[in-house]
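Asks: I'd like to ask you about the structure that follows.
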Amino acid sequence: GISGSTIYAGGAFTTIGGSTRNRLAAIGTDGTLADWNPNADGAVNALGISGSTIYAGGDFTTVGGSTRNRLAAIGTDGTLTDWNPNANGGVRTLAVSGSTVYVGGLFGNVGGSDRSRIAAIGADGVATGWDPTANGTVRTLALSGSTVYTGGDFTLIGGSARNQLAALDTEDV
């Protein structure tokens, strides 16, 4: 993701630009590596930005030496926030809308609630009432207004038969 003149990157890398950066890094648009170094212990599959917060999802269990199971929020200053939804399975995608983070992946529990592969997490790290339930991995999400577009390995989502693609209303609980 891009914020101002900084590009935030996530992946499976352990070095970038010749410097150690474990799976998360920030690079200026001029190519200069920033000091931002949250240090995730597993792959980062998705990033989202809201203001001065970078949301990361993936297969990690720690960020900056603190337990963060597959989801974390890191300030642009490199500080790990208290946001800790604790997903019990891998996160493959996320999208941010205001203070709500929509996540998809392999998990069955996130934000303290049973959520099958797709969920919305509030600023407090707790799952909202939005619970469309997917019967297969959710691999991608995109937001437009009050619609979440999603794709993945599912054939049933939100109570409806959908073959790998669906549009869900964020207002449906």
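Asks: Name the long-range amide H neighbours of Ser50: under 5 Å, sequence gap of 5 or more, or other chain; modelled H, no Pro or chain starts.
Replies: It is Tyr55, by chain and number.
Asks: Same structure, new question: Which peptide among 153-166, 34-47 comes first, and what is the full order, when sorted by highest mean count of other Cβ atoms within 10 Å?
Replies: Numbers: 153-166: 15.3, 34-47: 18.9.
In descending order of packing, they fall as 34-47, 153-166.
Asks: Now a separate question. Given Cα pairs under 8 Å that are at least 6 residues apart, what percent is the relative contact order of the chain?
Replies: 12 percent
Asks: A further question follows. Give a residue-ordered list of calculated ³J(HN,Hα) values for the range 100-111 (Karplus: 6.51 cos²θ - 1.76 cosθ + 1.60, θ = phi - 60°; whole Hz; x for Gly, Pro).
Replies: Values, residue by residue: 10, 10, 8, 10, x, x, 10, 5, x, 8, 7, x Hz.
Asks: Is the range 1-50 best put as rounded, prolate or oblate by its Cα gyration tensor, with a ≥ b ≥ c the root eigenvalues, rounded for a/c under 1.5, and otherwise prolate when a/b is larger than b/c, oblate when not?
Replies: Oblate.
Asks: Right, something else. Using Stokes-Einstein with the Kirkwood hydrodynamic radius over Cα pairs, what translational diffusion coefficient do you get for the range 34-76 at 25 °C and a viscosity of 0.890 mPa s, in µm²/s rounded to a whole number?
Replies: On the way: Rh = 10.3 Å.
My calculation gives 239 µm²/s for D.
Asks: Then there is this: Can you work out ³J(HN,Hα) from phi for every residue in the range 79-92, in order, using Karplus 6.51 cos²θ - 1.76 cosθ + 1.60 and θ = phi - 60°, giving whole Hz and x for Gly and Pro?
Replies: 7, 6, 7, 7, 4, 8, x, 6, 5, 8, x, x, 9, 9
Asks: Here is a follow-up. Does the range 62-105 come out rounded, prolate or oblate by the C-alpha gyration tensor, with a ≥ b ≥ c the root eigenvalues, rounded set by a/c under 1.5 and, if not, prolate when a/b is larger than b/c and oblate if not? Mind dumping the intermediate values first?
Replies: Numbers: a/c = 2.15, a/b = 1.16, b/c = 1.85.
Because a/c hits 1.5 or more and a/b fails to exceed b/c, the range 62-105 counts as oblate.
Asks: Pop out the carbon and sulfur fraction of the accessible area of the chain as a percent, whole number, probe 1.4 Å.
Replies: On the way: 3180 of 7590 Å².
For the chain, the apolar C and S fraction of the accessible surface comes to 42 percent.
Asks: About the Cα centre, and with charges only on the beta carbon of Lys, Arg (+1) and Asp, Glu (-1), how big is the dipole of the chain? Nearest 20 debye, please.
Replies: Roughly 400 debye, rounded to the nearest 20.
Asks: For Thr128, what residues show an amide H to amide H distance below 5 Å, using hydrogens built from the backbone and excluding near sequence neighbours?
Replies: For Thr128, whose amide H was placed from the backbone, the distant partners under 5 Å are Ala120, Ile121, Gly122.
Asks: Please report, to one decimal in angstroms, the Kirkwood hydrodynamic radius of the chain built from all distinct Cα-Cα pairs.
Replies: Taking the inverse mean of 1/r over all distinct Cα pairs, the chain comes out at 16.0 Å.
Asks: Determine ³J(HN,Hα), in whole Hz, for all residues of the range 152-159 in sequence, where each value follows from phi through the Karplus function 6.51 cos²θ - 1.76 cosθ + 1.60 and θ = phi - 60°; x replaces Gly and Pro.
Replies: Result, ordered by residue: x, 9, 8, 10, 9, 8, x, x Hz.
Asks: Let me ask something additional. Given a 1.4 angstrom probe, what's the average accessible area per residue across the range 33-173, in square angstrom?
Replies: Working: 5920 Å² over 141 residues.
Value returned for the range 33-173: 42 Å² of accessible area per residue.
Asks: Decide, for the range 1-99, between rounded, prolate and oblate: order the square roots of the alpha carbon gyration tensor eigenvalues as a ≥ b ≥ c, take rounded if a/c falls under 1.5, and otherwise choose prolate if a/b is larger than b/c, else oblate. Provide the component values of the computation, followed by the final result.
Replies: On the way: a/c = 1.71, a/b = 1.26, b/c = 1.36.
Oblate.
The values are calculated or read from the model by the stated rules, or taken from the named source; none is laboratory data. Everything quoted here is computed from the prediction, not taken from an experiment. Cβ sites come from the backbone with ideal geometry, for glycine too, and all protein chains shown count toward neighbours. Calculation scope for accessible area: heavy atoms of the full protein, side chains included, ligands and nucleic acids excluded. Shrake-Rupley method; radii C 1.70, N 1.55, O 1.52, S 1.80 Å.
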